[in-house]
Amino acid sequence: MKDLSQAKNFDEFMEGIWRQNPVFVMVLGMCPALAVTVSAVNALAMGFATTFVLVCSCLLVSLMRKLVPKEVRIATYIVIIATFVTVVDYIIQALSLELYEALGAFIQLIVVNCIILGRAEAHASKHPPLTAITNALGMGIGFTIGLFALGGVREILGAGKFFGVSLFGANFQPWVVMVLPPGGFFVLGAWLLLFAALKRRKEAHLAASGDGHGA
Amino acid sequence: MSALTEIRSAPHIKSPRSVEQIMRNVVFSLLPVCAFFVYQYGLSAAASILVVTAACLLTERLFVRLGGQAGDLSDYSATITGVLLGLTLPPGFPLWMGFVAGFTAIALGKALFGGIGFNVFNPALVGRAFVQAAFPAAIATYTPSFLPGRFTEFIPSSLAWPLMAPADTAAWLKGMQLDAWTGATPLAKWKFEGTLTDAGDLLTSLAGHMAVGPSPALILLCGAYLALRRFMDWRIPAAILGSAGLTAWLIYAIGGPKYPDPFFMLFSGGLILGAVYMATDMATSPVTPRGMWVYGGLIGVLTVMIRYYGGLPEGVMYAILIANAATPLIEQITQPTPFGKGASIRAGRSASYTLHPDYISREEAAAKTSKKRFFKNKPKKP
């Protein structure tokens with residue numbers, strides 16, 4: 001029985017990281033994903049901030065799921081999310097003003113990030129706290145991985161650096177387009193293409209092996 | 001192999017034309033232009049065209065192999081893309097950037113849409129637009145043509161290591177001791193320095209060390225060959241050059257001498273190459289004759305507007321890409337009227353037709369009229 005619940009928890013956790021990845025599968029939260037991912041550091045900071053807000057709000061929503069009347073639930077979620085966003089906003093401002101300026105308005109805009117509201121509405125309001133947190137943590141980490149995949153590529157091509165460390169020496173030719181908004185679309189499109197190709201290949205493989213068993 | 005009998009409805013047109021044949025002829029007509037380009041800029045130009053074309057062919061092969069893309073290397077379409085892209089890039093463009101341009105042209109401009117015939121935008125221009133956005137400094141760096149040692153040494157910026165910035169050509173040029181050369185294309189000179197180049201010099205590209213592409217006169221000649229053999233529709237280049245010339249002339253006539261004369265507008269930059277070879281791409285231009293005029297007119301006006309009022313000196317590329325995007329719309333509003341369906345020969349309410357040979361072609365309209373008469377004679381309700 002315990003094994004079963006552990007397996008289920010693990011499944012909840014992995015859902016956000018791979019099967020329902022917010023960036024690459026659900027294509028949610030595109031506004032921060034395209035706007036702030038010009039460098040790996042920005043992407044990670046944005047991802048962690050979102051994860052923090054996601055986990056905390058999902059916990060609170062899950063705890064209050066039987067107290068909140070159905071009619072005002074969205075307003076309640078927004079108030080909860082906004083509270084934690086304010087917390088994150090002040091924390092980042094206190095820790096690193098540089099990062100705070102780089103992320104700009106996108107920290108405050110976590111309030112309207114559709115991943116958080118979507119998780120609160122679709123998952124946390126229907127599940128007990130532990131399951132809700134596990135799922136939220138998986139989603140948050142999945143989102144961070146997605147942002148990092150975008151930010152890493154864009155930083156390497158757009159500035160020749162990775163986490164601020166120069167990779168190719170001083171003579172590197174930056175690809176200007178990569179730090180501009182179109183670069184975000186190009187990189188996101190390339191990743192989506194890669195995952196679609198992998199998925200198709202896996203399905204073809206599964207179908208082929210299924211046929212093999214049948215015969 | 002047994003002969004297949006194919007049953008088809010009319011019209012029974014037997015055309016010897018195939019896509020491959022048309023494409024091959026376009027490539028052949030581009031060879032003199034390439035030769036002139038190499039004559040102007042030497043080794044670097046030859047290497048640039050070869051690398052870009054090789055990148056296009058490799059990418060095409062890759063995507064055909066991966067599946068999901070129509071066409072094949074043997075249809076010459078990737079070769080055209082590569083050669084045209086090579087001709088639009090500066091001769092000293094770093095070769096690795098040329099490779100990136102060729103890859104993007106085929107991957108982003110063609111393969112993603114499904115291969116030959118499915119592309120929405122001209123692939124060569126998609127590749128060029130990408131490197132224009134990615135490497136704005138390198139793509140604006142021109143070197144003068146007809147340098148003395150051009151057949152024995154590369155332009156130093158060509159041979160940059162992959163991912164590395166190209167060498168500075170200014171110092172290299174200073175060592176050449178050229179007199180009266182200012183390191184900008186004629187369009188950039190006009191836009192940023194206010195000096196005009198003679199239109200006749202531009203037409204031949206032969207006068208001195210000008211930083212220009214292949215001679216517009218030669219491109220027009222090759223285009224005329226294609227148009228005469230019906231491998232290309234003459235309406236599109238005619239419409240583009242006509243509307244660009246007319247717009248430039250109007251602005252020149254109204255705005256006075258601070259604007260360049262229309263001939264400078266026509267023969268400078270890539271307008272002729274764009275009009276003859278890029279805009280006439282069959283997959284991305286309208287098929288209706290009236291649509292071709294609208295499409296060409298749009299490109300001409302946009303080009304002049306971007307050149308005059310935009311931030312960049314050259315606007316042909318963006319004008320053609322915008323017109324490519326508008327092509328489906330243009331085709332929709334310029335559908336030709338089928339014979340007998342036009343508004344001009346719709347039967348009037350009380351029209352009466354005598355039995356006359358002219359009338360026979362109006363059979364359908366007359367049928368409508370008689371129906372109306374039938375209704376007219378119906379007894380009215382009280």
Restricted to segment A:197-214, and to residues that are modelled with pLDDT of 85 or more and within 12 Å of another protein chain (Cβ to nearest Cβ), which residue is nearest to the chain's Cα centre (by Cα)? A:Arg200
May I ask you to verify whether B:Val27 is part of a helix (DSSP H, G or I), within 20 Å of B:Asn119 (Cβ to Cβ), in contact (Cβ under 8 Å) with a residue 40 or more places away in the chain and of a type in the set (Val, Ile, Thr)? yes
With segment A:76-191 as the region, which helices (runs of 4 or more DSSP H) entirely inside it contain at least 2 residues that are of a type in the set (Phe, Trp, Tyr)? A:129-159
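Let's see how each residue does on (1) surrounded by fewer than 16 Cβ atoms within 10 Å (Cβ to Cβ); (2) within 14 Å of another protein chain (Cβ to nearest Cβ); (3) in contact (Cβ under 8 Å) with a residue 12 or more places away in the chain:
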position	(1), (2), (3)
A:Ala105	yes, no, no
A:Leu117	no, no, yes
A:Asn135	no, no, yes
A:Ala149	no, no, yes
A:Arg154	no, yes, yes
A:Phe172	no, yes, yes
A:Val179	no, yes, yes
When A:Thr131 is evaluated against the numbered criteria (1) over 30 Å from A:Leu60 (Cβ atoms); (2) polar (S, T, N, Q); (3) touching a residue at least 40 places away in the same chain (Cβ under 8 Å), which criterion, by number, is the only one it fails? (1)
Quick check: is even one residue across segment B:113-130 within 20 Å of the chain's Cα centre (by Cα), closer than 20 Å to B:Glu314 by Cβ and modelled with pLDDT under 90? no
Pair list, Cβ < 9 Å and 6+ apart or interchain, from segment B:54-66 residues that are free of Cβ contacts under 8 Å to residues at least 24 places away in the same chain to residues that are surrounded by fewer than 18 Cβ atoms within 10 Å (Cβ to Cβ): B:Arg61/B:Asp72; B:Arg61/B:Leu73; B:Leu66/A:Ala197
Run down B:Tyr225, B:Tyr277, B:Tyr259, B:Tyr252 and say which single residue is hydroxyl-bearing (Ser, Thr, Tyr) and assigned to a loop (DSSP other than H, G, I, E, B). B:Tyr259
Would you confirm whether or not segment B:181-196 contains a residue that is within 14 Å of chain A (Cβ to nearest Cβ), part of a loop (DSSP other than H, G, I, E, B) and more than 30 Å from B:Arg65 (Cα to Cα)? no
Which of the residues spanning segment B:47-69 are under 22 Å from the mean Cα position of the chain (by Cα) and either surrounded by fewer than 22 Cβ atoms within 10 Å (Cβ to Cβ) or of a type in the set (Ser, Thr, Tyr) (or both)? B:Ser48, B:Leu50, B:Thr53, B:Ala54, B:Leu57, B:Thr59
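The values are calculated or read from the model by the stated rules, or taken from the named source; none is laboratory data. Keep in mind it's a predicted model, so treat the numbers as computed, not measured. Reconstructed Cβ throughout: ideal geometry from the backbone, glycine too, with neighbour counts over all protein chains shown.
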